[in-house]
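Chemist: So that we are looking at the same thing, I have put the structure below in structure tokens.
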Amino acid sequence: MSSSLALLAEIRQSSERRPFEVLKLAEPLLNKGSITQAGDDVWVVYEQIFLSAIDEGQIELAKAILVILQKRFSGSQRVKRLYGLINEAAGHPDESEMLYNEIIDKDETNVLACKRVIAMLKAQGKYAQAIKELVSYLDIYANDYEGWLEL
């Protein structure tokens, strides 16, 4: 495995979001096609690059990665959530909310989709609705420490 892939793995394992560094490490991997050296982790690496591209406002790169993930995992709720993230970043919150609600309708235990809905409501200044959603969320996930802090 290349040193870039090893460093990307270290960043993932540390749970840090260092998008600028991730994109710098990913650039040669994507350009040379050597990302496949990641083996079974290639899809996790693609997702890591996608999230970093969103964080850094590189929407076109994120879209390109999303196409790759969609081809491999069509119908995946996880990929659908990534579509929601890209719509948020592109300034289309209604489309994002629709996608997140579709995910929640299929699987009401999808924590990440629930949290995205709450975050979007907050970002839109809909605090009363965000609080209502957060309370409903905490009724189900009472052990979510961060959720309680948010409330």
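The values are calculated or read from the model by the stated rules, or taken from the named source; none is laboratory data. Predicted model, so just to flag it, every value in this text is computed and none were measured. Virtual Cβ from ideal backbone geometry, glycine too; neighbours counted across all protein chains shown. Quick note on the areas: whole protein, heavy atoms, side chains included, nothing else; ligands and nucleic acids left out. Shrake-Rupley method; radii C 1.70, N 1.55, O 1.52, S 1.80 Å.
Chemist: Aspartates and glutamates within cross-link reach of Lys122: Cα-Cα under 16 Å, excluding same-chain residues under 8 positions apart?
Modeler: Within the straight-line limit of under 16 Å, Lys122 reaches these aspartates and glutamates: Glu88, Asp94, Glu97, Glu133, Glu146, Glu150.
Chemist: Looking only at Ala90, Ala119, Ala128, which one moves most when the chain is put into a Gaussian network model with springs between Cα atoms under 10 Å?
Modeler: Comparing Ala90, Ala119, Ala128 in the GNM, the peak value goes to Ala128.
Chemist: Applying 1/(1 + (r/R0)^6) with R0 = 35 Å to the Cβ-Cβ distance of Ser74 and Ala128, what FRET efficiency is obtained, to the nearest 0.05?
Modeler: Between Ser74 and Ala128 the formula returns 0.40.
Chemist: Using a 1.4 Å probe, how large is the accessible area of Val135, given in Å² and rounded to the nearest 10?
Modeler: Only protein atoms counted, so the area is about 60 Å².
Chemist: Then there is this: Give me a comma-separated list of calculated 3J(HN,Hα) values for the range 44-49, in order, Karplus coefficients 6.51, -1.76, 1.60 applied at θ = phi - 60°, integers in Hz, x for any Gly or Pro.
Modeler: Per-residue couplings from phi come out as 5, 5, 4, 5, 4, 5 Hz.
Chemist: Using the Karplus curve 6.51 cos²θ - 1.76 cosθ + 1.60 with θ = phi - 60°, what ³J(HN,Hα) values do you get for each residue of the range 133-148, in whole Hz, with x for Gly and Pro?
Modeler: After applying 6.51 cos²θ - 1.76 cosθ + 1.60, I find 5, 5, 5, 4, 4, 6, 4, 8, 10, 4, 8, 7, 4, 5, x, 5 Hz.
Chemist: Among Asp40, Asp107, Asp94, determine the one that fluctuates most according to a GNM of the chain built with springs between C-alpha atoms less than 10 Å apart.
Modeler: Comparing Asp40, Asp107, Asp94 in the GNM, the peak value goes to Asp40.
Chemist: Pull up all non-local amide H partners of Ser2: gap of 5 or more, or a different chain, and H-to-H distance under 5 Å with H placed in the peptide plane.
Modeler: Excluding prolines and chain starts, which carry no amide H, there are no hits.
Chemist: Reachable lysines from Lys32, Cα under 21 Å, same-chain residues fewer than 8 places away excluded?
Modeler: The qualifying lysines are Lys24, Lys63, Lys71.
Chemist: What is the sum of charges around Arg17, taking Lys and Arg as +1, Asp and Glu as -1, for the other residues whose C-beta is under 12 Å from the C-beta of Arg17?
Modeler: -2
Chemist: Tell me, what ³J(HN,Hα) does each residue in the range 3-12 have, in order and in whole Hz, if you take phi through Karplus 6.51 cos²θ - 1.76 cosθ + 1.60 with θ = phi - 60° and put x for Gly and Pro?
Modeler: These are the phi-based 3J(HN,Hα) values: 5, 4, 5, 5, 5, 4, 5, 4, 5, 4 Hz.
Chemist: Now for a different question. Which value, in Å² and to the nearest 10, is the accessible area of Glu133 when all protein chains are kept and the probe is 1.4 Å?
Modeler: The accessible area of Glu133 comes to roughly 70 Å².
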